[in-house]
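S.K.: Just dropping this structure here.
The values are calculated or read from the model by the stated rules, or taken from the named source; none is laboratory data. Because the structure is predicted, anything quoted here is derived from the model rather than measured. Glycine gets a Cβ as well: all are built from the backbone with ideal geometry, and neighbour counts include every protein chain shown. Calculation scope for accessible area: heavy atoms of the full protein, side chains included, ligands and nucleic acids excluded. Shrake-Rupley method; radii C 1.70, N 1.55, O 1.52, S 1.80 Å.
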Amino acid sequence: MQPEVKVKKPVRSKSGVTPLTVVLAPRRCNHGTCIYCPGGDFVPQSYTDKSPAVMRALALNFDVRKQVCSRLDALIKMGHPTEKIELIIIGGTFLQYPSDYQYDYIKGCFDVLNGVESATLEEAQRINETAEHRIVAMCIENRPDNCSEDEIKRMREFGATRVEIGVQILDDDIYKKIARGHKVRDVIEASQRLKDAGFKMGYHIMPGLPYSDIKKDIEKFKLVFEDESFRPDQLKIYPCQIVDDSPLAKIYKRINYRMYTDEEIKKVLFEMMELVPDYCRIMRVMREIPKEKMVGAAGSTSIRKEVEEELRRRHEHVKEIRMREIGFNSIGLKTDTIMKTIEYNSSGGKEFFLEVVNSDDVLFGLLRLRFPKETFIDEIKDCALVRELHVYGQALNLGEKGKDSQHTGLGKLLMSEAEKIARDAGYKKIAVISGVGVREYYRRLGYEIEGTYMVKELNQV
Ligand code: SF4
């Protein structure tokens with residue numbers, strides 16, 4: 001018998017956890033269809049039937065239990081560690097699905113990873129705290145106008161820790177013309193509520209929309225970081241493309257629209273990457289839409305790599321997180337690390353971005369601490385909030401000893417610095433938005449569960 005060949009793609013688990021993506025069953029968004037959205041009836045609205053994740057889900061009739069089972073199996077076969085999973089839910093506006101569907105969907109994910117069917121979601125989460133495959137983070141894609149206080153509380157019930165909202169461009173006039181169905185005000189409110197509930201939050205940005213141009217894209221992008229009402233933790237930059245079956249595919253000639261060329265996309269990206277501050281991570285650039293689903297030329301999916309290589313060649317110091325992560329800078333790595341704290345105002349609160357970096361600014365770990373503007377969740381009233389603790393490097397399983405930064409005590413160091421900052425500012429309690437599968441870790445640091453958060457009293461020293 002041939003030995004099993006492990007074809008591990010290191011990038012997948014390079015940032016410390018292993019992502020597992022599940023796709024929602026098709027359903028139309030309540031507000032209608034954004035002009036660039038493929039909007040299919042048989043596949044989730046924002047995807048095409050040629051996207052790999054969607055094809056896999058389609059073959060399983062979008063059954064979430066089967067999807068988790070098959071992805072877990074594939075990740076194990078590829079040699080990825082599967083003890084620390086980030087569950088990513090994609091496909092539509094999850095919070096608009098019927099409530100029973102939402103609860104059953106999330107419970108199904110926990111049940112499969114636990115290897116046992118629980119009676120309730122709460123029970124499934126309790127089991128997952130010590131299960132072999134733990135959900136240490138959960139991401140939900142959402143719209144800015146689906147982030148009410150109740151909706152945010154529901155996302156916490158599910159165990160979500162990260163929310164990505166479609167922002168595209170901060171311009172009400174363009175929102176109206178492209179049928180987004182929300183306003184800039186919704187982005188501002190969603191950003192504040194999500195941060196004040198401790199979520200890590202990201203924006204999807206779309207350069208090259210109809211009725212915009214390069215100058216306007218950059219001008220509006222500057223606002224994302226200059227105006228403290230926004231300042232997300234992460235970005236996905238998806239230049240607008242004309243996808244088959246989208247409303248745009250039907251009207252682009254009439255409105256005299258053309259997509260950006262690869263050169264134009266690169267120009268926009270160069271400028272955007274230079275504007276992104278230290279505390280923000282560019283998660284992805286370009287959507288992977290298969291060529292046969294595009295009208296006209298598809299933008300090259302290697303643009304990000306080309307832009308990053310060019311920036312490195314020019315020795316430009318790009319501050320965004322991903323380019324500085326240890327996982328992407330392991331050659332000739334110096335270990336002369338220090339901890340830095342960047343303070344900034346954001347959505348009415350105050351943020352402390354703690355990072356452990358070496359003298360080449362390579363990032364080993366980070367923590368986001370927030371003094372919120374106002375909290376609407378009882379269990380975190382009067383708490384300072386830890387919105388993210390992340391130690392970088394290749395993902396390790398829970399018992400493995402680390403060489404670089406995972407499992408070497410950096411997390412503990414960052415937490416104790418955050419506690420000190422909060423204590424010095426007069427906070428009596430600190431809360432962490434913990435993924436269900438990380439609760440045990442925080443218990444060992446003296447935290448106790450309060451609602452869906454891990455909370456610790458800060459004794460004055
Ligand atoms: S909100 Fe997203 S899924 Fe809904 S129509 Fe717009 S792009 Fe498509």
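S.K.: On the given criteria, is Lys177 within 16 Å of the ligand (Cβ to nearest atom) and over 18 Å from the mean Cα position of the chain (by Cα)?
M.R.: yes
S.K.: Name the residues in segment 184-242 that are aromatic (Phe, Trp, Tyr), open to solvent by less than 10 Å² (accessible area, probe 1.4 Å) and in contact (Cβ under 8 Å) with a residue 40 or more places away in the chain, would you?
M.R.: Answer for segment 184-242, where residues must be aromatic (Phe, Trp, Tyr), open to solvent by less than 10 Å² (accessible area, probe 1.4 Å) and in contact (Cβ under 8 Å) with a residue 40 or more places away in the chain: Phe199, Phe221, Phe230.
S.K.: Does Lys177 meet the test of being farther than 30 Å from Phe376 by Cβ, of a type outside the set (Phe, Trp, Tyr) and assigned by TED's automatic domain parsing to the domain that holds Asn146?
M.R.: When the stated conditions are applied, Lys177 passes them.
S.K.: Taking segment 330-370, which residues are open to solvent by 30 Å² or more (accessible area, probe 1.4 Å) and either assigned to a strand (DSSP E or B) or outside the structural domain of Lys420 (by TED's automatic domain parsing) (or both)?
M.R.: Selection gives Ile338, Met339, Lys340, Thr341, Ile342, Glu343, Asn345, Lys350.
S.K.: Residues of segment 70-113 being polar (S, T, N, Q) and in a helix (DSSP H, G or I), which ones?
M.R.: Within segment 70-113, Ser70, Gln96, Ser99, Gln102 meet the criteria.
S.K.: Does Met339 satisfy being out of contact with any helix residue (DSSP H, G or I) (no Cβ under 8 Å at 6 or more places or on another chain) and either at pLDDT below 85 or over 30 Å from Gly91 (Cα atoms) (or both)?
M.R.: no
S.K.: Being assigned to a loop (DSSP other than H, G, I, E, B) and within 16 Å of the ligand (Cβ to nearest atom), is that true of even one residue in segment 61-69?
M.R.: Within segment 61-69 (the criterion being assigned to a loop (DSSP other than H, G, I, E, B) and within 16 Å of the ligand (Cβ to nearest atom)), the answer is yes, since at least one residue qualifies.
S.K.: Name the helices (runs of 4 or more DSSP H) wholly within segment 150-227 that hold at least 1 residues that are of a type in the set (S, T, N, Q)?
M.R.: Hits in segment 150-227: 184-196.
S.K.: Right, something else. For segment 278-306, enumerate the residues that are at pLDDT 90 or above, open to solvent by 20 Å² or more (accessible area, probe 1.4 Å) and outside any strand (DSSP E or B).
M.R.: Scanning segment 278-306 gives a single hit, Asp278.
S.K.: Could I ask something else about it? Which number in (1) touching a residue at least 60 places away in the same chain (Cβ under 8 Å); (2) among the aliphatic types (A, V, I, L, M); (3) farther than 30 Å from Ser229 by Cβ marks the one condition that Leu87 misses?
M.R.: (3)
S.K.: Write out, first by first residue and then by second, each pair whose Cβ atoms fall under 8 Å of each other, whose residues are 6+ apart or on separate chains, and whose first residue, in segment 24-41, is over 16 Å from Glu141 (Cβ atoms) while the second is among the aromatic types (Phe, Trp, Tyr) and near the ligand (Cβ under 9 Å from one of its atoms).
M.R.: So the pair list comes out as Gly40/Tyr47.
S.K.: Could you please let me know if Arg28 is within 30 Å of Asp173 (Cβ to Cβ) and either assigned by TED's automatic domain parsing to the domain that holds Tyr238 or within 16 Å of the ligand (Cβ to nearest atom) (or both)?
M.R.: yes
S.K.: Looking only at segment 35-60, which residues are open to solvent by 20 Å² or more (accessible area, probe 1.4 Å) and more than 14 Å from the ligand (Cβ to nearest atom)?
M.R.: Within segment 35-60, Phe42, Asp49, Lys50, Pro52, Ala53, Met55, Arg56, Leu58, Ala59, Leu60 qualify.
S.K.: Moving on to the next point. Quick check, is Lys267 under 18 Å from Asp213 (Cβ atoms), assigned to a helix (DSSP H, G or I) and open to solvent by 70 Å² or more (accessible area, probe 1.4 Å)?
M.R.: Yes; evaluated as a whole, the condition is true for this residue.
S.K.: Same structure, new question: Starting from segment 127-144, take each residue that is touching a residue at least 24 places away in the same chain (Cβ under 8 Å) and open to solvent by less than 20 Å² (accessible area, probe 1.4 Å) and list its partners that are within 15 Å of the ligand (Cβ to nearest atom) and assigned to a helix (DSSP H, G or I), counting only C-beta distances under 7 angstrom and pairs at least six apart or across chains.
M.R.: Here the result reads Ile140/Phe94; Asn142/Phe94; Asn142/Leu95; Pro144/Asp186; Pro144/Val187; Pro144/Ala190, each pair linking segment 127-144 to a residue that is within 15 Å of the ligand (Cβ to nearest atom) and assigned to a helix (DSSP H, G or I).
S.K.: Select from segment 421-458 the residues that are assigned to a loop (DSSP other than H, G, I, E, B) and without any contact (Cβ under 8 Å) to a residue 24 or more places away in the chain and list them in ascending order.
M.R.: Of everything in segment 421-458, those that are assigned to a loop (DSSP other than H, G, I, E, B) and without any contact (Cβ under 8 Å) to a residue 24 or more places away in the chain turn out to be Gly426, Gly446, Tyr447.
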